[in-house]
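Here is the structure we will look at.
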Amino acid sequence: MTTVLQSFVAGRWVGQEAAQTLRSAVNGRPVAATHAERPDFSEALAFARRTGLPALLALDFQQRAALLKALAKYLTQHKEALYAISAHTGATRSDSWIDVEGGTGTLFAYASIGSNELPSGNLLHEGPAIPLGKQGHFAGTHILVPRGGVAVHINAFNFPIWGLLEKFAPSFLAGMPCIGKPATATSYVTEALMRLMDRSGLLPAGALQLVIGSTGDLLDRLEGADMVTFTGSADTAAKLRVHPNLIRHSVPFNAEADSLNCAVLAPDVTPDDEEFQLFVKEVAREMTVKAGQKCTAIRRAIVPRGMVDAVAQALRERLRKTTIGDPALEGVRMGALASHDQLHDVRAQVEKLLQGAELVYGERDGFNPQGEGVSEGAFFAPTLLLSRNPLSHDAVHDVEAFGPVSTLMPYDGLDEALQLAARGRGSLVGTLVTKDPATAARFIPVAAALHGRLLVLDAEAAKESTGHGSPLPPLKHGGPGRAGGGEELGGLRAVKHGLQRAAVQGSPTMLMAVTGEYVRGAKVHESEVHPFRRHFEDLRIGDSLLTHRRTVTDADIVAFGGISGDFFYMHFDDIAAKETAFGQRIAHGYFVLSAAAGLFVSPAPGPVLANYGLDTLRFVKPVAIGDTIQARLTAKRKIDRNKVDAKGQGQGVVAWDVQVTNQHGEMVASYDILTLVAKRPVST
């Protein structure tokens, strides 16, 4: 009996009656069926708004990051179940690794971003504050807060696990409940993922819901605080973008669409260079990994005209060595397309491409999938085409065969290569293979206007390169034009997509109260207790110390030069220094920094455990011999990492604002110090 997939809506699994049968891409046998019942999208949205949103906002950025990390660990422990069901999509173990462990890796990455880059609380200060008055009584800044809406994520069939998780992770960090809608063809994999996530018990109720099948009237019910992200075809993205309700309520819409990505072999590379083999390997890999079903796959291989035959021959040899068949068989390197519908679509698109191109390698060259029942599978031969006149062949720049298909095209001169790359009208990624830095410096700034990401590949980068087709959490994924015009990933940028930015104006004291971060000019709290003597919980933003003074002497400069080895003329040569704009010898900037630390540090053991960095350091004005300096230390920002050390001691991070002034009250140095500060000992 075929398993009926279920939607996870309003905290329960919905669906009993079978509708569309989903078949194995390997042998055509039924794997599962979608359900016929239509989810109540009004109920789903109400559950997200009334249950999911309050539950998420009861947590802060740090706590949500901790849940992402725990979820990533849980899914890693149960990954074999996901690998097993993923094989029905035609994916090899290596293909599924990108999906399964790429997904959990993205969760880990965003957990780290949350714990290291986001504050305690649910407000992110996007400073610094900007003075808006001459006397320091009026200032402005920007804050980012949760939107208070629901994120709807519509995904493609090729990455049923990673596709959901890479959208969910930053939305969850931003405090947005999510509704995920996977592509139907491989939705049985996403449903298995959702069941694991539900079983983990880690996610607050309403944080994530799953829709199997059509979205029905879901988009009709969205409001201005909501957002929609989409991954799929450019045609579908164009239709969704102009959905009347999304336009009416200005609902943010982010699209990541398939694109005709290119790889360019630079004219400086010869067949004897390592870079030549790197180019061939990259094109062949992007044709065969996931059977070419990647929105980042290389569709156009652009090579110098005199190199076409050499590249074609090298690619034929590499593709001939690719064993195709049932991913369960040892030695199989490429599986099937994800569905039989996909098989029909790729065949039709290749026929269009062949109207202006010739076949270099394909089914005629010994295509023989391995395994039992594969004749009923959705296998398609790696297909390499050659368009000899690509500037006059429109189809090769307009038609995408979303499978193991790529087209070689020759160029004459780098400007023509750039022209061909631009014919894709916007791509997710492009690769330039070169060993000449000057070529990269010329090519990349021009190509960047129409590409979301660019890889410069040479022998050095190849030692660690993750490849042309691998989006990474710290870097933007998305591209202009045909590629959708959107952005995903990119580290903290993706979290900010789920937050609302607002400008705030007021006195520094009011801005400090709103942002939870000290703003210069705000009222400070001074007491007889040194701020370094306070435990993390007892420190208040604005706790401050104005230090005693110190006069800088010639002996100080000489001693610091001897210790540091810095004998720069401005510190030691009276005659040369007099001829500069300063007109005299001045103290080392780093002496001023060290002297300031001597003024404000509390030397006895206490809650401050370690100083681990400086931010925003500026030496504003020179300090001369005879100048007197003073420092003000103020607690600027606190982040509770919710961690304990090996001894069970809790701790948090405190950023301190430091202002060093001279005898005239003029700023000479300005910076933030980052420290680990212990919490109060837990009573036993």
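Scanning region 379-398 for residues that are in a loop (DSSP other than H, G, I, E, B), among the small types (Gly, Ala, Ser) and in contact (Cβ under 8 Å) with a residue 40 or more places away in the chain turns up just one, Ala381.
Inside region 109-124, can you point out the residues that are open to solvent by 30 Å² or more (accessible area, probe 1.4 Å) and more than 13 Å from Leu492 (Cα to Cα)? Ser120, Asn122, Leu123 - these are the residues of region 109-124 that are open to solvent by 30 Å² or more (accessible area, probe 1.4 Å) and more than 13 Å from Leu492 (Cα to Cα).
Scanning region 217-230 for residues that are among the hydrophobic types (A, V, I, L, M, F, W, C) and not in a loop (DSSP other than H, G, I, E, B), which turns out surrounded by the fewest Cβ atoms within 10 Å (Cβ to Cβ)? Restricting to residues being among the hydrophobic types (A, V, I, L, M, F, W, C) and not in a loop (DSSP other than H, G, I, E, B), the top hit is Leu219. When Leu240 is tested against (1) aliphatic (A, V, I, L, M); (2) open to solvent by 10 Å² or more (accessible area, probe 1.4 Å); (3) assigned to a loop (DSSP other than H, G, I, E, B), just one condition goes unmet, and that condition is (3). Does any residue of region 549-564 turn out to be of a type in the set (A, V, I, L, M), in contact with an Asp or Glu (Cβ under 7 Å, 6 or more places away or on another chain) and surrounded by 14 or more Cβ atoms within 10 Å (Cβ to Cβ)? Yes, some residue in region 549-564 is of a type in the set (A, V, I, L, M), in contact with an Asp or Glu (Cβ under 7 Å, 6 or more places away or on another chain) and surrounded by 14 or more Cβ atoms within 10 Å (Cβ to Cβ). Summed over region 565-586, the residues that are outside any loop (DSSP other than H, G, I, E, B), in contact with a helix residue (DSSP H, G or I) (Cβ under 8 Å, 6 or more places away or on another chain) and surrounded by fewer than 14 Cβ atoms within 10 Å (Cβ to Cβ) give a count of 2.
Evaluating Ser392 against the criteria (1) modelled with pLDDT of 90 or more; (2) surrounded by fewer than 14 Cβ atoms within 10 Å (Cβ to Cβ) leaves one unmet condition, (1). Being under 24 Å from the mean Cα position of the chain (by Cα), open to solvent by 50 Å² or more (accessible area, probe 1.4 Å) and modelled with pLDDT of 95 or more is the filter here; which residues of region 49-75 pass it? Residues satisfying the conditions are Leu57, Lys69, Lys73. Here Leu208 does not qualify as closer than 30 Å to Gln63 by Cα, crowded, with 17+ Cβ neighbours inside 10 Å and out of contact with any strand residue (DSSP E or B) (no Cβ under 7 Å at 6 or more places or on another chain). Exactly one residue among Val242, Val211, Val251, Val228 is closer than 18 Å to Ala48 by Cα and free of Cβ contacts under 8 Å to residues at least 40 places away in the same chain, and that residue is Val251.
Considering region 522-560, and only residues there that are of a type outside the set (Gly, Ala, Ser), in contact with a Leu (Cβ under 7 Å, 6 or more places away or on another chain) and not in a loop (DSSP other than H, G, I, E, B), the residue that is farthest from Ala596 (Cα to Cα) turns out to be Pro531. Residue count for region 299-327, restricted to those that are within 30 Å of Ala84 (Cβ to Cβ) and in contact with a Cys (Cβ under 7 Å, 6 or more places away or on another chain): 0.
Every test in (1) open to solvent by 20 Å² or more (accessible area, probe 1.4 Å); (2) in contact (Cβ under 8 Å) with a residue 12 or more places away in the chain; (3) out of contact with any Pro (no Cβ under 9 Å at 6 or more places or on another chain) is passed by Thr104 save one, and that test is (1). Among the residues making up region 344-389, those that are surrounded by fewer than 19 Cβ atoms within 10 Å (Cβ to Cβ) and either of a type in the set (Asp, Glu) or under 35 Å from the mean Cα position of the chain (by Cα) (or both) are His344, Asp345, Arg347, Ala348, Gln349, Glu351, Glu358, Glu363, Asp365, Glu372, Glu376.
Which one of these is surrounded by 13 or more Cβ atoms within 10 Å (Cβ to Cβ) and touching a helix residue (DSSP H, G or I) at 6+ places or on another chain (Cβ under 9 Å): Leu511, Leu499, Leu492? Answer to the selection: Leu492. If I filter region 257-278 for residues that are open to solvent by less than 40 Å² (accessible area, probe 1.4 Å), outside any loop (DSSP other than H, G, I, E, B) and touching a Cys at 6+ places or on another chain (Cβ under 9 Å), do I get at least one hit? Yes, some residue in region 257-278 is open to solvent by less than 40 Å² (accessible area, probe 1.4 Å), outside any loop (DSSP other than H, G, I, E, B) and touching a Cys at 6+ places or on another chain (Cβ under 9 Å).
Exactly one residue out of Arg300, Arg285 is open to solvent by less than 10 Å² (accessible area, probe 1.4 Å), over 30 Å from Leu144 (Cα atoms) and among the charged types (D, E, K, R): that is Arg300. Here Ser214 fulfils each of the conditions (1) under 28 Å from Gln20 (Cβ atoms); (2) open to solvent by 10 Å² or more (accessible area, probe 1.4 Å); (3) part of a helix (DSSP H, G or I) apart from (3).
If the condition is being of a type in the set (S, T, N, Q) and at pLDDT 90 or above, then region 581-615 contributes Gln584, Ser594. When the residues of region 303-316 are filtered to those that are out of contact with any strand residue (DSSP E or B) (no Cβ under 7 Å at 6 or more places or on another chain) and over 15 Å from Glu282 (Cβ atoms), the one that is least open to solvent (accessible area, probe 1.4 Å) is Ala310.
Every condition in (1) touching a Gly at 6+ places or on another chain (Cβ under 9 Å); (2) under 24 Å from Pro170 (Cβ atoms); (3) not in a loop (DSSP other than H, G, I, E, B) holds for Gly486 except the one numbered (3). Can you spot a residue in region 596-607 that is of a type in the set (A, V, I, L, M, F, W, C), open to solvent by 70 Å² or more (accessible area, probe 1.4 Å) and closer than 15 Å to Val668 by Cβ? No, because not a single residue in region 596-607 is of a type in the set (A, V, I, L, M, F, W, C), open to solvent by 70 Å² or more (accessible area, probe 1.4 Å) and closer than 15 Å to Val668 by Cβ. Of all the listed residues (Ala669, Ala678), the sole one being within 20 Å of Ser594 (Cα to Cα), small (Gly, Ala, Ser) and in contact with a strand residue (DSSP E or B) (Cβ under 8 Å, 6 or more places away or on another chain) is Ala669. Here is the figure for region 4-62: residues that are assigned to a loop (DSSP other than H, G, I, E, B) and within 30 Å of Val374 (Cα to Cα) total 10. Every condition in (1) part of a helix (DSSP H, G or I); (2) touching a residue at least 40 places away in the same chain (Cβ under 8 Å) is met by Ala91 except one, and the failing one is (1). Considering only region 564-575, I want to know if a residue exists there that is over 30 Å from Lys643 (Cα atoms) and touching a strand residue (DSSP E or B) at 6+ places or on another chain (Cβ under 8 Å). Looking through region 564-575, at least one residue is over 30 Å from Lys643 (Cα atoms) and touching a strand residue (DSSP E or B) at 6+ places or on another chain (Cβ under 8 Å).
For region 361-383, the count of residues that are of a type in the set (A, V, I, L, M) and out of contact with any Gly (no Cβ under 7 Å at 6 or more places or on another chain) is zero.
The values are calculated or read from the model by the stated rules, or taken from the named source; none is laboratory data. Only a predicted model underlies this, so the values are computations on that prediction, with no experimental measurement involved. Positions of Cβ are backbone-derived with ideal geometry, glycine not excepted, and every protein chain shown enters the neighbour counts. Quick note on the areas: whole protein, heavy atoms, side chains included, nothing else; ligands and nucleic acids left out. Shrake-Rupley method; radii C 1.70, N 1.55, O 1.52, S 1.80 Å.
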